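Before any comments, here is the structure.
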Amino acid sequence: MAWSGGMDDDGRHTGMMSHARLREASDEALLRALRGAARGDASNREIQTAIEVVCADAREQGIAAEQLLIILKERWRELPEAQRLLRRDADETRARLITTCIDAYYATNRRK
């Protein structure tokens with residue numbers, strides 16, 4: 001796992017891991033799920049389904065759960081919809097997405 005970048009003042013990574021990239025379709029599914037969650041217009045099932053697809057693809061590509069969570073958090077920070085949320089709402093929504101992602105990633109792992 002090779003990092004391009006360092007840490008910012010808040011201890012967050014400033015760059016992406018060089019080999020942790022989602023396929024375009026998975027990245028689009030992740031963005032749809034994140035946007036829907038941020039706007040509050042996607043059902044829990046829609047979000048769950050999209051994240052399950054992303055997790056299955058990540059596992060197929062050999063992307064570790066930790067790497068996938070970094071991707072999710074970076075994509076979340078980039079979304080204008082997430083930036084418009086009140087801090088508490090944004091934190092709660094992001095935490096729910098992270099939990100959903102962890103659960104889906106390891107559920108996919110158990111099925112193999």
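In table form, for the structure just shown:
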| read-out | value |
| --- | --- |
| Filter pass, Asp57 being under 12 Å from the mean Cα position of the chain (by Cα) and either in a helix (DSSP H, G or I) or modelled with pLDDT of 90 or more (or both) | no |
| Within region 88-98, considering residues that are free of Cβ contacts under 8 Å to residues at least 40 places away in the same chain and under 10 Å from the mean Cα position of the chain (by Cα), the one farthest from Leu34 (Cα to Cα) | Ile98 |
| Subset tally (residues that are surrounded by fewer than 19 Cβ atoms within 10 Å (Cβ to Cβ) and outside any helix (DSSP H, G or I)) for region 60-112 | 7 |
| Thr14 being at pLDDT 90 or above, of a type in the set (Ser, Thr, Tyr) and either at negative phi or in contact with a Phe, Trp or Tyr (Cβ under 8 Å, 6 or more places away or on another chain) (or both) | no |
| Where Arg75 falls short, out of the listed (1) charged (D, E, K, R); (2) over 15 Å from Ala37 (Cβ atoms); (3) in contact with an Asp or Glu (Cβ under 8 Å, 6 or more places away or on another chain) | (2) |
| Output for region 40-59, where each listed residue is loosely packed, with under 14 Cβ neighbours inside 10 Å, in contact with a helix residue (DSSP H, G or I) (Cβ under 9 Å, 6 or more places away or on another chain) and among the charged types (D, E, K, R) | Asp41 |
| Counted residues, region 23-39 - those being farther than 16 Å from Thr99 by Cα and buried (at least 19 other Cβ atoms within 10 Å of the Cβ) | 2 |
| Tally, over region 41-66, of residues that are within 15 Å of Trp76 (Cβ to Cβ), touching a Leu at 6+ places or on another chain (Cβ under 9 Å) and of a type in the set (Gly, Ala, Ser) | 1 |
| Any hit, region 73-90, residues being small (Gly, Ala, Ser) and closer than 19 Å to Arg23 by Cα | no |
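The values are calculated or read from the model by the stated rules, or taken from the named source; none is laboratory data. Not measured: the values here are computed from a predicted model. Here Cβ is always computed from backbone atoms with ideal geometry, including for glycine, and neighbour counts include all displayed protein chains.
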